[in-house]
Each structure stands twice: as structure tokens, then as C-alpha cells.
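A short write-up of the structure that comes next.
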Amino acid sequence: MSLVFFPCCVSSSFMGDCEFAARNVVNKLGVPIEDVNGFNCCGYPYKGIDFKAFILMSGRNLALAEKRGADLVTTCACCYGTIKQADNILKQDTSLFDYVNGILKREGLAYSGKGVVKHLLEVLLDNPGITGLKAKLDGSLSGVKVATQYGCKMLRPSDVVSFDSPLSPGKFDELVDATGAEAVPWTQKLECCGSPLIGVNDATAMQLAKNKLDSAREAKADLMVTACPFCYLQFGRSRDALIRESGDSFIVPSLTFVQLLGLALGLGQTAVGLQGVSLPSGLMKYAQSREVPLRA
Amino acid sequence: MPKATLVYIALLIGLAGAAYKVSTWFRYSLGSKKFTASDRVTAAAKGILQTLLSNQFASILRSFFLDVILQAKLIRVSPLRWIAHILVFGGFTLLLLMHALGVYVNPLFFSNYYSTLNPFLFLRNLFGALVVLGLAIQIYNRFIHRDPANPPSSGMDVYTILIFALVIVSGIFLESVKITSVSAFRDMTEEYATGESEASLKALEAYWVANYGVVSPELAQPFSPEMLAAGKAAHDASCAQCHAPAQWAFMDYGVSRLITPVAAWFDGAATRTSLYWIHFLICLVGLAYLPFSKVFHLITAPICLMANSVMDRLQSNPANYATKQILELDSCTHCGACTRNCTMAFVNSIMPNQMILPSERISSLKVLASGKPLSFRDSLVIQEGYNQCTNCTQCTLVCPVGINLQDLWFSARETLAERDVPNLLVLSPLSIYRGLRKDEIDVPSYARPVSNARKAIADEFGSFHWPGVAYTPHEEKMLDTAGMHLRQNAGAACFSCMTCTNACPVVKAHQNPGAALDLLPHQIMQAVKLRLWDLIFGSKMLIECLGCYQCQEYCPMKVPTADLIFALRNVAVSRTYRNISQKALETL
């Protein structure tokens, strides 16, 4: 089955560098993922305010995947969980199924349930897989302690997502271990980052992020690594705000999993989009030492 | 009236229009009203001077060659559209210089300038043909090949293509009538072939009928070789010096062959003069109306492209940024590239609000920027459309004239927020974008949209109590699809073990969650059983649920807690929105 990138709105708005990094990483690993135009928003923001719009948007993306005969690949846990949930609902609810297909018919599309969405993490665990990855990574990130942030929608609702155990997930941790870094246990691992409340209730959003940042520090993590751009943005902005407020500069910085993989693959600072990102000095030096021309 | 006077009048109208447009760049604004027009003029002058003297000048130069001259952004959007645009732009500019202003421009380069001689005779047609080809592609793109992703064409789109087409077509027609005109031929011979005898004039006419496309009522082909030879002699003596073969004007000549059967009908000095005036006046109308039409992007698009190559919201002078945003509105050509790439445009098929489509928002942005009053209903429609945006940046990345659309939407949404029209879309992760740009928003304005939306919901549901409300079939469906059958009391399995509440990160984030959130998750489940809708829909918990699904995951009775909360929120939002819309209709 061929693969196509499903672009995440938030990533392309705030994290162009990470999108770029994702493409560099999959190219380096030799996983062919195509870029295709024409997708729409996954529907995540609409779930709480316009349920039908959410189902329709996810349904259309799946229909586009179906038409191309390709699986959607996203780097965003929210896009992933949202589309999966809509797929699940459409498979059970015939009237919504008819509604979606009635509208999609106008542009010659059809949702039949064959379209599949995958998280890039899931794709890489499958191909090249942990052993394959270990062969390609040189383990030079050893000594870096990582708190893995799966993102709510990677794990829950587990009967819909079924990517990993909702209570003690470990697949992402295995991937981190494969880079030579060490995934450490931390108490807030399963909690929400608080990003859905940014702009709605900033105080609560910040409190949730702070709880997680504190927990990662208690676990002696050097880095938080996220599988979702929302978590990444939330940790980054909360860290900046907390440093500004308290002057406490030992708050754990974060990276996305593609950036960590990129570093472990020797892609260098530019290729993984690390300009202007604050990292532990050792890791930064490592990233800079790996600086190689992009299209060598 | 002499031609020159008319040209000056048209030019004056055009310039006055341009001056008016330019004044709006400094007078209008989206968002910040802090600066007066004179502040902004001063800031702009200072900014331009500083930029030109700094190393940013290199960026401007680069943008001028790449984006303005070569139109690099357009070729990335569509190579076909790039070809069409270059053809029309290039062809028309060359026609303007070589043909319209030929009397002034050509003598600078050529010593012997006659519009009837080559290279001018041929080039005029060649340039015209470029424009015709470009226009044909544009007409095909816009009207024949209907791409469903394209936004609808506006009157202005039609006008723009029409004015260029009319200029060219009227010019070609005028020339082709002149080619066939025997009266024009005879006028010329009277003036320039004065010494010729009657017979040789006839031979000359025959020669021109045979070779130059003149349609003579008396003479008909074929002519004897002797006659043609005599005609050629007269031609060489009196005409050849100023007349290259008419076939060089390939389009004019081609059309003249088509009108040959009716050429006699078109012949006559009066017809030629009228045709000339039609062509001339169409050009003047185009010139006078230019600043009010989208052809004005000729001026604004280059400024916009170059300004955006060096300007940034956070670093540039806010006064200049406000000015640039209004200039951007005048740069839009309604080409539809933004809408074709919009991640939300598809939603327009279920929500018939054109303000969802980025290309359609520009007109309402102009109204907003001018500060004209908007009815409650219009504000509501515009606000709803603008706020559907997920801020994915695609529109800004593809805009061929380099408009920073995403920033325009941001400014416009903040301007609208000041009108205090309730906006329920802010109660969703769509607000994340706004939250991440919190530092750019005035502190008192920041919290207003969310508190207004909450108030609207509280007002809606504060008034009714037991025994509850009847649901529309749509709302029932919505609750059903979320996995909960309200009517059948599926929440009945809940026995208030509080696992959901204990797992909820929002609850844990508060010192006194009961007071802060009105209802805790398990209380919402109980309230559903008791149908205490006013309590549920008015509660903060309903809006502040993150959707992290911990409650649902850990529920021992498999109550779909999170799905139910989302379904309830949907009902709260849709009911409130329906009532606000109804009120808006009543204000009409």
C-alpha cells in the first residue's frame, strides 16, 4: 500500500521546520511517502461545536485516500485520533454514512471505509521497524534521557485507536530507545498537555502543561519528545512563559519525535528544523556537529 | 473635442482615483486605530527611506526581479496561468509603448518610424496576438474549464477580461476595415499619387486589390499581368516607401479577409472614424477606471510583493503594518488560488456562507477596514465565515501577489471581536491559534470573545428548567452518534463511582474544582439522568473538557463520558447559535 502525507494545519502554521524534518527523516529512512494536494482539515476543532462537520471532513479525507489507493500518514496525534474516530463512527452509523456520501458524491468521491490513517510513528515501527531502525541509527544519542509524550489521541479511546496499551504504552518508548536515548518512566506520561484549552482558558492550559513539565524534570529527563504538534507547541510556549515568570531555566525542553529521529540519523540542525530551539547544550553541540549539506 | 483633451481628462480621473485609493491605505485600518493618517504617512516615508538605505534593499531587489518581473510565485501556483499572465502583461505593455505611445517612444529607437512599415506593422500584430492568446487561456480557465474548487467569478473578473479583449478586438477590427476600405485607398492616392494618370491609378487600385486586400466595388480579380505590372510601377513610385505588405499585419489581414463580403458596407470615412473613436474611447475608459478595477494590481501587487519581502508583523512599525494590510486588499486579483488550496473551503458545501472562502472575504474586509457600520446580521455572517479558518497558512503560501492573508484574517477577526457579536466558534480548539498569538492582542480585548460566547450560552439556557426541552431530530441524532441515547437514559449505567472525576485532568488543575467548573464529570452524568439541562449547558465543565478521554477510558461501566460531553456541547452551541441567528434575522 502506498503512503501519502496528510498535512496538519497547526504544524504547517507554526512548525514548518518540523514538517520539513519529517520529510527529511522518511527520505533518509527510505520510506516512500508522497505529497498530495486537496486534503481538508481533519475536523478535530469541530468535534465539540459541529459534530456533522467533523465527521464530514474526516470522511472526505478518508475518501480521498481511498480514491488514491493510499494510506494517510500524519505526524499529528490529534489528526490521527480524530480521523480514526470518525472512521469508527461512520462504520457504525448508517445515516451519517449516507449523509457523508451524499455530499461527497458531488465531487465524485465516496467513503466506503477502506481508507486508512496511520501515524508516522506507527508507519516507522512497521517499516523499517525497531530492528531496522537500530541498524540505521548509530546509537549516538546515548545518555540522553527522554520523557515520551504520546498525546491523548494516540492512546484513547482505546477501543477506537488501538495503537498501544492505554494504561502502559511502550511502542514510542521502544523507538526512543532505538536511537540510543533512554525513555524514562514519568508519572504524568498519560495526562493531557492542556493544549485544547489554549485561547479558551489559558490558566488551566498552563497548569496542565506545568504539571507535565514538572513531572518530566522529577524523572530526570533531559528532553520531552512528543508525537503530536499540539503537545510540542504547548510545552514550548509554556516553558517560555514559565522561564519568563520564574527565571527557572532548568525546565525540560521538548522536541518532536521526527526531530529526535533526524538527529539520531545524523541529519543535522537545519534538516531537522532546530534553529532557534533551546536544547541541553550537549545535545545542541551534537546537532551542530552533524550539520551536513541537505542535498548532498 | 480634441483627442489630447480627452486623454488628459481620462488620465486625470485615473490619477484622482489612484490618489483616493492611496489615501485609503493610510486612512483605513484593520484592528489598531491608534495611528492617524498623517502618522502613517510619516511612518511610511521613514520606513521606506530606512529600508532603501539598509541591507534589506537587497531583499527588495530580489523580490522585484523574482516575484514582480518573473512572477515566480505565480508559476508555482500554475504554469498555465503564468503563461497567460505573462502573455497579456507583456503583450499589452509592448503595445502601450510601441503603439499607443509609439509616436513618442519609437523615434527614440528608430530613425524611420511609420506605423505602416515594418517592424511596427508586424510587431503590433504580434504583440496583439500575445494578448489574444493570453486572454483566450484566461477565458478558458475561468469560464470554460469550470474547476469546482474555483470560487465563483465576480463582475469585476468579467470586466477585466472584457476591457482588455475589447481594446484588442476593436483595434483589430478598425485595422481590418481600413485594409479593405477602397475609400481610404482613394483618399491616399489623392494625396500621395497626385501625378498619376487615370489609367495608372486604376492599375494601382488593381494592384492593391490583388496584393493589399483592398475591396473595390468596380474592379474584380483576376487582373491581367500587364495591368498588375503597371500597378506595381505606380505602387513603387508612390506607395511602397510607406507601406509594407499588409500580410505582415497577420491578424488584421486575416480578419479583413473574413469581412471581404461585407467590406463595402463598412467602407466610408465615417465608419472608420467611428471605429477609431470606439477603440480610442475604450482605451480611455480602461485608463480612467483603472484604479477602481482589479487592473490596479498593476501598481499594488509589486508594492505588496516587495513590502512583504521585508516586513514582519512583530518587527515592523505597527503603523506601517496597518498601512500595508490595506494596500494588500487592493492587491487581490480574485484569482482564487487561496480558495483552491483552502483546507476549509470544502465546508462551504454544507455551510452556505461565502465568507468561508478566503477569496470572497476581501470585499467584506474592505468594508471592515473602512469602519462603515455593519448590521448585526452581516457581522454575524462575516464573523462566522472568518472564524471557520484553521490557520493552516496555505492561502498565504500560494498567493501569487504575496498577500499575507493569514495575518489579514487575524487582524479582521480581532476587529470583528470588538463588535461584541457572540462567536461560539471560539469555544473550540480553533482558539489555539489566537491563544498562541496572545501577546499581539490587547489585554482587555483578549478575554472578550470567550466570555461573550459563554455568556450567550448561559443566557440561552438559564431561562428554562424542568421538564426540559424537546430536541430537534438533528440534535437527537447528534447525541445518538456520540454513543449516548438520551431518551433511553443510557447514562443509567453510571452509579457515581467518580472514577471519571478522579481521572479528569481539568478537575485536578483546580484547587476547588466544584466551584470552578460548576459540575464535575460524574455530576454531569447524574444531571443528564435528571434532565437538569440548564445546569449542564450553563456549566463550565462542559466547555472546558479537553477531550482527553481519560474519564471514558477508565469508566468501569463503559459510559461514553467524553463522547457525551462533546455531544452535549454540540447541542449547547447549535441551540445558542440558532437563537442568535434568529435574533439577527429579526433585526433586519
- Query: What number of residues within the stretch B:314-350 satisfy the criterion of being without any contact (Cβ under 8 Å) to a residue 40 or more places away in the chain and outside any helix (DSSP H, G or I)?
  - Reply: 2
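For residues in the stretch A:81-101 being part of a helix (DSSP H, G or I) and acidic (D, E), which is farthest from A:F51 (Cα to Cα)?
Taking the candidates together, the pick is A:D98.
For the stretch A:42-50, does any single residue satisfy the condition of being surrounded by fewer than 24 Cβ atoms within 10 Å (Cβ to Cβ), touching a residue at least 12 places away in the same chain (Cβ under 8 Å) and at negative phi?
no
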- Task: Tell me which residues, restricted to the stretch B:396-433, are free of Cβ contacts under 8 Å to residues at least 40 places away in the same chain, facing another protein chain (nearest Cβ under 10 Å) and in contact with a Phe, Trp or Tyr (Cβ under 8 Å, 6 or more places away or on another chain).
- Result: B:S428, B:P429, B:I432
- Task: Would you be able to tell me the number of residues in the stretch A:9-26 that are in contact with a helix residue (DSSP H, G or I) (Cβ under 8 Å, 6 or more places away or on another chain), within 14 Å of another protein chain (Cβ to nearest Cβ) and assigned to a helix (DSSP H, G or I)?
- Result: 8
- Message: Let me confirm something: among A:K67, A:K118, A:K114, which residue is in contact (Cβ under 8 Å) with a residue 40 or more places away in the chain and either facing another protein chain (nearest Cβ under 10 Å) or part of a loop (DSSP other than H, G, I, E, B) (or both)?
- Response: A:K114
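Among the candidates B:E553, B:E544, which residue alone is among the charged types (D, E, K, R), within 12 Å of chain A (Cβ to nearest Cβ), more than 16 Å from B:L427 (Cα to Cα) and surrounded by 19 or more Cβ atoms within 10 Å (Cβ to Cβ)?
Criteria check complete, one pass: B:E553.
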- Given (1) assigned to a helix (DSSP H, G or I); (2) basic (K, R); (3) touching a residue at least 40 places away in the same chain (Cβ under 8 Å), index of the condition A:K220 fails: (1)
- Task: Check A:F6 against each of (1) modelled with pLDDT under 95; (2) closer than 27 Å to B:N404 by Cα; (3) surrounded by 24 or more Cβ atoms within 10 Å (Cβ to Cβ); (4) within 14 Å of another protein chain (Cβ to nearest Cβ) and name the one condition it does not meet.
- Result: (1)
- Task: Can you tell me which residue within the stretch A:201-212, out of those that are buried (at least 24 other Cβ atoms within 10 Å of the Cβ) and touching a Ser or Thr at 6+ places or on another chain (Cβ under 8 Å), is nearest to the other protein chains (Cβ to nearest Cβ)?
- Result: A:A205
- Examine the stretch B:214-222 for a residue that is more than 28 Å from B:N112 (Cβ to Cβ), part of a helix (DSSP H, G or I) and at pLDDT 90 or above, and state whether such a residue exists. no
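Output the number of residues of the stretch B:424-454 satisfying the condition of being hydroxyl-bearing (S, T, Y) and assigned to a loop (DSSP other than H, G, I, E, B). First the steps, then the outcome.
Going through the stretch B:424-454, the residues hydroxyl-bearing (S, T, Y) turn out to be B:428, B:431, B:433, B:445-446, B:451.
Narrowing further to those that are assigned to a loop (DSSP other than H, G, I, E, B): B:428.
Count: 1.
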- Query: Out of all the residues in the stretch A:163-206, which are in a helix (DSSP H, G or I) and touching a Pro at 6+ places or on another chain (Cβ under 6 Å)?
  - Reply: A:P196
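Quick check on this structure: which one of A:D164, A:D126 is over 19 Å from A:A216 (Cα atoms), surrounded by 13 or more Cβ atoms within 10 Å (Cβ to Cβ) and under 18 Å from the mean Cα position of the chain (by Cα)?
A:D164
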- Query: Of all residues in the stretch B:442-459, which are facing chain A (nearest Cβ under 10 Å) and surrounded by fewer than 18 Cβ atoms within 10 Å (Cβ to Cβ)?
  - Reply: B:A447
- Note on the structure: Taking the stretch B:367-395 and keeping only residues that are closer than 24 Å to A:Y44 by Cβ and either in contact with a strand residue (DSSP E or B) (Cβ under 8 Å, 6 or more places away or on another chain) or without any contact (Cβ under 8 Å) to a residue 24 or more places away in the chain (or both), one is left with B:T393
- Query: Among the residues of the stretch B:147-155, is there at least one that is at pLDDT 90 or above and either within 14 Å of chain A (Cβ to nearest Cβ) or part of a helix (DSSP H, G or I) (or both)?
  - Reply: yes
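Quick grid of which residues meet (1) crowded, with 21+ Cβ neighbours inside 10 Å; (2) closer than 16 Å to B:L546 by Cβ; (3) in the same structural domain as A:T75 (by TED's automatic domain parsing):
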| site | (1), (2), (3) |
| --- | --- |
| A:K136 | no, no, no |
| A:G199 | yes, yes, no |
| A:D214 | no, no, no |
| A:L223 | yes, no, no |
- Query: Within the stretch B:160-168, is even one residue touching a Ser or Thr at 6+ places or on another chain (Cβ under 8 Å), buried (at least 17 other Cβ atoms within 10 Å of the Cβ) and in a helix (DSSP H, G or I)?
  - Reply: yes
- Residues of the stretch B:561-588 that turn out to be without any contact (Cβ under 8 Å) to a residue 60 or more places away in the chain and more than 9 Å from chain A (Cβ to nearest Cβ), as a count: 3
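Listed here are the residues, each with its yes/no results for (1) more than 14 Å from chain B (Cβ to nearest Cβ); (2) in contact with a strand residue (DSSP E or B) (Cβ under 6 Å, 6 or more places away or on another chain); (3) within 30 Å of B:A447 (Cβ to Cβ); (4) aromatic (F, W, Y).
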| site | (1), (2), (3), (4) |
| --- | --- |
| A:L104 | no, no, no, no |
| A:P128 | yes, no, no, no |
| A:G139 | yes, no, no, no |
| A:L175 | yes, no, no, no |
| A:C192 | no, no, yes, no |
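The values are calculated or read from the model by the stated rules, or taken from the named source; none is laboratory data. Because the structure is predicted, anything quoted here is derived from the model rather than measured. Because the Cβ atoms are built from the backbone with ideal geometry, glycine has one as well, and the counts that use them run over all protein chains shown.
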